[in-house]
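Comments concern the structure below.
The values are calculated or read from the model by the stated rules, or taken from the named source; none is laboratory data. For clarity, every value in this text was computed on a predicted model and none was experimentally measured. Every residue, glycine among them, receives a Cβ derived from its backbone with ideal geometry; neighbour counts consider all protein chains shown.
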Amino acid sequence: MRAILLSLFLLTAAGDAWAHEAQRAQITRYNLTCDVGPITRTIAATKWKAYSCHNDFAVMFVAADGNPMAPCAVFVIETGQKTLVSDAGLCNDASIREVNRRLMDSAFHDIPDIIRRTKDAGD
């Protein structure tokens, strides 16, 4: 289901505005299946479900029930050289900027820890 959801977000995002067009091109080249987890995270005072992807270097955050940004997903990909963050779906541009900013802040997110925790939650 979440793999299908990811595909729908990627297809929707192809026609919708993304936070950074250059990152959009980089992110869409990854074949992501993100269905491990979820764990719940609070980002910019809103609840998100985090799912790790099977490639072990990407996480998809989906707006949780009650999150006014739903339907929205944010992808975080650690390439080893840099962090790519981009949103997809029907994200509110004004609200999503703060979420994206916080996810880009290396002090806020720790992708390996989130991946480990989503795997633990899936057991």
Quick check, is Asp120 out of contact with any helix residue (DSSP H, G or I) (no Cβ under 7 Å at 6 or more places or on another chain) and at pLDDT below 85? no
Whichever residue in segment 37-62 is farther than 16 Å from Thr118 by Cα and assigned to a strand (DSSP E or B) and, among such residues, is nearest to the chain's Cα centre (by Cα): Ile43
What do you reckon, is Ala58 farther than 16 Å from Val99 by Cα and not basic (Lys, Arg)? yes
Out of Phe57, Phe61, Phe9, which single residue is of a type in the set (Phe, Trp, Tyr) and either modelled with pLDDT under 50 or exposed (fewer than 15 other Cβ atoms within 10 Å of the Cβ) (or both)? Phe9
Looking at Ile77, is it in a strand (DSSP E or B) and out of contact with any Asp or Glu (no Cβ under 8 Å at 6 or more places or on another chain)? yes
